[in-house]
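Here is the structure we will look at.
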Amino acid sequence: MNHGFQWIEVAAIVGALSCAAHAGTVELDLPVVRDATVYSENIDGANGVGTAFVAGRTNMGAIRRGLIQFDTSVIPEHAVVLSVEFSLTLAQTNAGDQPMTLHRVLEDWSTGTSASGGGQPATATQDDVTWRYRSYVASDPTMSPAWSVDGGAFVKQPSATSIVGSDQVEYTWASTPALVADVQSWREDASGNRGWILVADKGGTKRFFSSDDANAMRRPRLTVMYDIPCPADCSPFIGDQVIGDGAVNIDDLVGVINAFGAEGPCDVAPDNGDGTYGNGVINIDDLMAVLNAVGACP
């Protein structure tokens, strides 16, 4: 009897089971990389690590805009982004209902250590973004790389719009094809991720809580839903985060072997028809799903 051949058959079956069990659609809150506010009345003013994130126009005509960038690298390599929602919690305002638009930024920017409550800018420190400069050089501001357009270079067509009122609650910029395209492109090419800028140049100002606020529940959120189009490519993974390698292969089979009879990322069958996969346990259904999918992912 060829025991080696039998072991390979069992390994293939168990491995397939493990791979077939992961959820196809995943919801994930992305971490903020940086956020900042820039102020039109002070080209050397900044707010890189303050607790406020501000956009709008003051009673004196000064404009504030908020820049924010999220870490899209946490989205798995082969994921297809389905929806993107951006949320901010309002801290203070001097205006009622006001449209606020989110635009994709076109040039790199950075933050330093300046901190303001939002009403007035702090003095820019090394690397701060300002109305005039993308990355402030404190020792010689004239050497600072400037925006190609004062106030930030960004795509004129907004990626999303939301009406923000006066209630101190969370406001959401609902998913749009443009938001989805932004995040998908940044996942595929991280060098293009320069984040968004929040613009509301007419009306009053809105002060939101920033990523530096002590209360994590009030910080900016980017909620992304994505699908893994090749669910049987369920290994390697870290915790419940599927990484995959673009093909259904021996790694996935081994993953099934190690998790057979349990829950895990390789619970990929059946296809529940609602964007999710699996039935809570890695079993023969998952085995067949993986065996039928062996090869490169589409």
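The values are calculated or read from the model by the stated rules, or taken from the named source; none is laboratory data. Since we're looking at a predicted model, the values are computed, not measured. Heads up, the Cβs are rebuilt from the backbone with ideal geometry, glycines too, and the neighbour counts pull from every protein chain shown.
Output the residue which, of all residues in the range 86-121 that are among the acidic types (D, E) and within 24 Å of the chain's Cα centre (by Cα), is farthest from Q157 (Cα to Cα).
Applying the filter and picking the extreme gives D108.
Does the range 146-171 hold any residues that are in contact with a strand residue (DSSP E or B) (Cβ under 8 Å, 6 or more places away or on another chain) and either charged (D, E, K, R) or without any contact (Cβ under 8 Å) to a residue 24 or more places away in the chain (or both), and which are they?
Result: A146, K156, D167, E170.
Mind listing whichever residues of the range 258-298 are under 18 Å from T25 (Cα atoms) and acidic (D, E)?
Within the range 258-298, E263, D267, D271, D274, D286 meet the criteria.
Residues of the range 122-146 being within 27 Å of the chain's Cα centre (by Cα) and closer than 30 Å to G165 by Cβ, which ones?
Across the range 122-146, the qualifying residues are V129, T130, W131.
For the range 265-286, indicate whether the set of residues that are modelled with pLDDT under 80, acidic (D, E) and either assigned to a loop (DSSP other than H, G, I, E, B) or in contact with an Asp or Glu (Cβ under 8 Å, 6 or more places away or on another chain) (or both) is non-empty.
Checked against the condition, which is being modelled with pLDDT under 80, acidic (D, E) and either assigned to a loop (DSSP other than H, G, I, E, B) or in contact with an Asp or Glu (Cβ under 8 Å, 6 or more places away or on another chain) (or both), the range 265-286 yields at least one hit.
One line per residue, one yes/no per condition, for (1) crowded, with 22+ Cβ neighbours inside 10 Å; (2) in contact with a Leu (Cβ under 9 Å, 6 or more places away or on another chain); (3) in a strand (DSSP E or B); (4) hydrophobic (A, V, I, L, M, F, W, C):
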| site | (1), (2), (3), (4) |
| --- | --- |
| V84 | yes, yes, yes, yes |
| G96 | no, no, no, no |
| P99 | no, no, yes, no |
| L102 | yes, yes, yes, yes |
| W109 | yes, yes, no, yes |
| S114 | yes, no, no, no |
| G119 | no, no, no, no |
| T125 | no, no, no, no |
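Of the residues R187, R194, which single one is in contact (Cβ under 8 Å) with a residue 60 or more places away in the chain, touching a strand residue (DSSP E or B) at 6+ places or on another chain (Cβ under 6 Å) and surrounded by 17 or more Cβ atoms within 10 Å (Cβ to Cβ)?
After ruling out the rest, the residue left standing is R194.
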